[in-house]
Amino acid sequence: MTPTPDKAAYVRRMFDAIVARYDLMNRLMTAGRDEAWRRRAAREAHAPSEARLLDVAAGTADLTLALARQYPAARIYALDFSLGMLERGIAKVRERGAGERVRFIAGDALALPFADSSFDAVTSGFLMRNVTDIVRAFAEMRRVVRPGGRVVCLEISKPVLPLFSRLFWWYFTRVVPAMGRLVSGNAEAYRYLPQSLAQFVTAEELKGMMEQAGLEEVTYRRLMLGTVAIHVGKRPG
């Protein structure tokens with residue numbers, strides 16, 4: 001099913017519906033590699049030891065926890081608009097003993113509830129396909145990060161190798177929805193996943209959107225044969 005005109009409401013309901021098996025599906029779909037991608041994204045924040053960090057669209061807190069391990073003295077804010085995801089994230093952070101350093105906030109990536117220059121770095125994992133205005137989301141991140149601070153974006157990307165690309169799209173459009181139906185009981189959510197990537201911008205176009213939002217020195221690195229990319233930009237100053 002294609003998302004309704006109110007994409008934000010559709011996405012919120014979808015994530016609330018799949019939270020119980022969300023982590024398991026991530027591990028299965030990526031053969032466990034998604035945790036390594038998050039660790040790498042956390043390292044790319046290049047934050048000071050006692051940083052204030054923001055993880056936007058924190059979901060079940062996997063990237064938040066990667067930040068907590070990478071920066072053990074940091075204060076971390078984890079924001080998401082899915083209450084179901086936030087509840088699971090809070091429980092997971094407590095289980096891992098990081099609860100005192102992480103504050104969870106319900107909020108919108110397009111209107112971050114923080115003052116300008118509040119954070120040393122801002123991260124997001126698999127957010128941008130789900131927002132209605134990518135440039136605005138990056139502009140909000142640029143606004144709340146301090147001058148010279150980094151904005152790090154981990155996102156699925158369209159593979160560019162011709163032969164592998166055909167195999168990838170077969171897996172993504174056929175196997176993943178079937179897996180989602182069996183594991184989570186929600187094939188629709190995992191049909192939305194490949195649809196969202198098919199309609200998404202390229203890695204190079206995403207770089208341009210970060211620059212349009214006012215970030216500078218924007219670079220990106222492809223991982224997993226080009227199916228994932230980590231983009232990094234800095235706030236000028």
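If only one of V228, V218 is surrounded by 16 or more Cβ atoms within 10 Å (Cβ to Cβ), free of Cβ contacts under 8 Å to residues at least 40 places away in the same chain and β-branched (V, I, T), which one is it? Working first, answer last.
Working: V228 fails: free of Cβ contacts under 8 Å to residues at least 40 places away in the same chain.
Within the list V228, V218, the selection yields V218.
Just checking, which of D34, D6 is farther than 14 Å from N186 by Cβ, in contact with a helix residue (DSSP H, G or I) (Cβ under 6 Å, 6 or more places away or on another chain) and free of Cβ contacts under 8 Å to residues at least 40 places away in the same chain?
On the way: D6 fails: in contact with a helix residue (DSSP H, G or I) (Cβ under 6 Å, 6 or more places away or on another chain).
Exactly one of D34, D6 is farther than 14 Å from N186 by Cβ, in contact with a helix residue (DSSP H, G or I) (Cβ under 6 Å, 6 or more places away or on another chain) and free of Cβ contacts under 8 Å to residues at least 40 places away in the same chain, namely D34.
Yes or no, residue by residue, for (1) touching a Leu at 6+ places or on another chain (Cβ under 9 Å); (2) of a type outside the set (D, E); (3) at positive phi:
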| site | (1), (2), (3) |
| --- | --- |
| A189 | no, yes, no |
| P194 | no, yes, no |
| L225 | yes, yes, yes |
| R235 | yes, yes, no |
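State whether one or more residues within the range 148-161 are in a loop (DSSP other than H, G, I, E, B), surrounded by fewer than 16 Cβ atoms within 10 Å (Cβ to Cβ), touching a Gly at 6+ places or on another chain (Cβ under 6 Å) and touching a residue at least 40 places away in the same chain (Cβ under 8 Å).
Narrowing the range 148-161 to residues in a loop (DSSP other than H, G, I, E, B): 157-161.
From what's left, surrounded by fewer than 16 Cβ atoms within 10 Å (Cβ to Cβ): 160-161.
When the remaining residues are screened for being touching a Gly at 6+ places or on another chain (Cβ under 6 Å), the result is 160.
Add one more test, that the residue is touching a residue at least 40 places away in the same chain (Cβ under 8 Å), and what stays is 160.
Taking every residue of the range 148-161 in turn, at least one turns out to be in a loop (DSSP other than H, G, I, E, B), surrounded by fewer than 16 Cβ atoms within 10 Å (Cβ to Cβ), touching a Gly at 6+ places or on another chain (Cβ under 6 Å) and touching a residue at least 40 places away in the same chain (Cβ under 8 Å).
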(message) With on the phi < 0 side of the Ramachandran plot, at pLDDT 95 or above and of a type in the set (S, T, Y) as the only criterion, which of S117, S82 stands out?
(response) S82
(request) With the checklist (1) buried (at least 16 other Cβ atoms within 10 Å of the Cβ); (2) of a type outside the set (F, W, Y); (3) outside any loop (DSSP other than H, G, I, E, B) in hand, flag the one item R27 doesn't pass. (result) (1)
(message) Filter the range 94-146 down to the residues that are surrounded by 15 or more Cβ atoms within 10 Å (Cβ to Cβ) and among the acidic types (D, E) and list them by number.
(response) D108, D120, E140
(message) Looking only at residues that are within 18 Å of G149 (Cβ to Cβ) and of a type in the set (D, E, K, R) in the range 41-74, which one is surrounded by the most Cβ atoms within 10 Å (Cβ to Cβ)?
(response) D55
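Give the residue, chosen from Y22, Y77, that is among the aromatic types (F, W, Y) and not in a helix (DSSP H, G or I). It would help to see each step written out before you state the result.
Details: Y22 fails: not in a helix (DSSP H, G or I).
Just one listed residue meets the conditions, Y77.
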(request) Could you figure out which of (1) part of a helix (DSSP H, G or I); (2) among the aliphatic types (A, V, I, L, M); (3) touching a helix residue (DSSP H, G or I) at 6+ places or on another chain (Cβ under 6 Å); (4) buried (at least 18 other Cβ atoms within 10 Å of the Cβ) isn't true of L86? (result) (3)
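Condition check: over 24 Å from A20 (Cα atoms) and either in a helix (DSSP H, G or I) or touching a Cys at 6+ places or on another chain (Cβ under 6 Å) (or both). Does F114 satisfy that?
Details: over 24 Å from A20 (Cα atoms): yes; either in a helix (DSSP H, G or I) or touching a Cys at 6+ places or on another chain (Cβ under 6 Å) (or both): no.
When the stated conditions are applied, F114 does not pass them.
The values are calculated or read from the model by the stated rules, or taken from the named source; none is laboratory data. Being a predicted model, the structure only gives us computed values, none of them experimental. Glycine gets a Cβ as well: all are built from the backbone with ideal geometry, and neighbour counts include every protein chain shown.
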